[in-house]
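K.L.:
Below is a structure I'd like to ask you about.
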């Protein structure tokens, strides 16, 4: 035991000084207070960093490609009455959803360019399909005329289930669309006149009403487009057409100026702090002022995203980036970029072209530091400050000694 003590003393890194040999100075007290303040500040920063939540992104192949994709949309057309346009979805598989109002989306009337809804009653879309054009007479035995858009046999011997009848204005409108005939506002068509459709539409045109479309729907998770275009639409034999007759009838009315109040894919991802983790690059995007014959295109790259929260259940949603483009239908050189020549033709409207990425991003929430990292950071901060304080105190003490010695001389 006696032999071991000298060996331990020789490796003691914390040698002690005699209490009587210690000298306390005012400058040392000031430096000590400064060190305490700096240490407290650094410990507070370490604690904030320890409790800070970060997202750790990981890129994987999307295995849920067969799940439907939710589209959330809120868009305002200040210069276009609700009855003048349809909303369709087409995808590269050849599937189409024509006039999807009432299938998750609703139209609301607005007036004088005001984005506030005129009334709470939505403007209903056309729920009819082409199969209903072959419907027989109504319950009263009446078989309405389709005005030449469909072949109708006037022979009473024809069974009711084989008669083609247009008993209301919407059916006539759909029959005209199937025939690719111009419908205009339905003026002169008995069914539309009797229902008050013509008068109501003309009043809304004169009042310069606009329209706001809001809602959510599901689509296939494959590339395609969602678009707003004038008139009734019809898809068949590899083409998709719209009836532009009423839109073109008034040269000084109607255009596709619009404000995108909100556009997203999937549910909102709200984090622990109550903030939306998603970016919405098209929210509050506004285009006003171009000509009537104009095409607006948005090219969206959609990426599936999964958010894994610390205390909440995981959430699967989507994020997207966007490139915007617009051009006049007349084509020609761009007014702002003379080296750019636009294509000619097309139909006026707003088109959202979406491309689905095969990859998926997983954002996992975690604390910025572990408990051991926090403790190590605190110890390092305290040791570093004390070391700097000791060096500073010695420097000040040495300087004071030199000054006193010069005064004594």
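Every number in this text was worked out from the coordinates using simple rules, so none of it is lab data. Remember, predicted model here, so these are calculated numbers, not experimental data. Methodologically, a virtual Cβ is constructed for each residue, glycine included, from the backbone with ideal geometry; neighbour enumeration extends over all protein chains shown.
K.L.:
Report the full-extension gain for the segment residue 407 to residue 253: residue separation times 0.36 nm, less the Cα-Cα distance, to one decimal in nm.
P.N.:
Contour length minus Cα-Cα distance gives 45.9 nm.
K.L.:
Let me have the relative contact order for the stretch 308-409, percent, based on Cα pairs under 8 Å that are six or more residues apart.
P.N.:
Relative contact order of the stretch 308-409: 21 percent.
K.L.:
How large, in Å, is the stretch 208-299 by the Kirkwood hydrodynamic radius built from its alpha-carbon pairs?
P.N.:
Final number for the Kirkwood radius of the stretch 208-299 is 16.5 Å.
K.L.:
Return the FRET efficiency for the residue pair residue 245, residue 96: r is the Cβ-Cβ distance, R0 is 22 Å, and the value is rounded to the nearest 0.05.
P.N.:
Calculated transfer efficiency: 0.55.
K.L.:
Here's something else I'd like to know. If you take the beta carbon distance between residue 301 and residue 371 as r and set R0 to 41 Å, what does 1/(1 + (r/R0)^6) give as a FRET efficiency, to the nearest 0.05?
P.N.:
0.55
K.L.:
What's the FRET efficiency of residue 195 with residue 218 using the Cβ-Cβ distance as r and R₀ = 35 Å, to the nearest 0.05?
P.N.:
0.65
K.L.:
At 20 °C and 1.002 mPa s, what whole-number value in µm²/s does Stokes-Einstein give for the translational diffusion of the stretch 298-342, with Rh from the Kirkwood sum over Cα pairs?
P.N.:
The calculation lands on 153 µm²/s.
K.L.:
Return the equivalent ellipsoid semi-axes of the stretch 270-317 as a descending list in whole Å, where each equals the square root of 5 times an eigenvalue of the C-alpha gyration tensor.
P.N.:
Ellipsoid semi-axes (Å, largest first): 35, 13, 5.
K.L.:
Measure off 7 Å from each Cα along the Cα-to-Cβ vector at residue 397 and residue 339, then give the distance between these two points in nanometres to one decimal.
P.N.:
Once both label points are built, they end up 7.2 nm from each other.
K.L.:
Quick one: grab the alpha carbon gyration tensor of the stretch 172-331, order the square roots of its eigenvalues as a ≥ b ≥ c, and give me rounded if a/c is under 1.5, else prolate or oblate depending on whether a/b is larger than b/c.
P.N.:
Because a/c hits 1.5 or more and a/b exceeds b/c, the stretch 172-331 counts as prolate.
K.L.:
Still on this structure, please answer the following. Could you give the nm distance between label points at residue 287 and residue 55, where each point is 7 Å from its Cα heading toward the beta carbon?
P.N.:
Once both label points are built, they end up 2.8 nm from each other.
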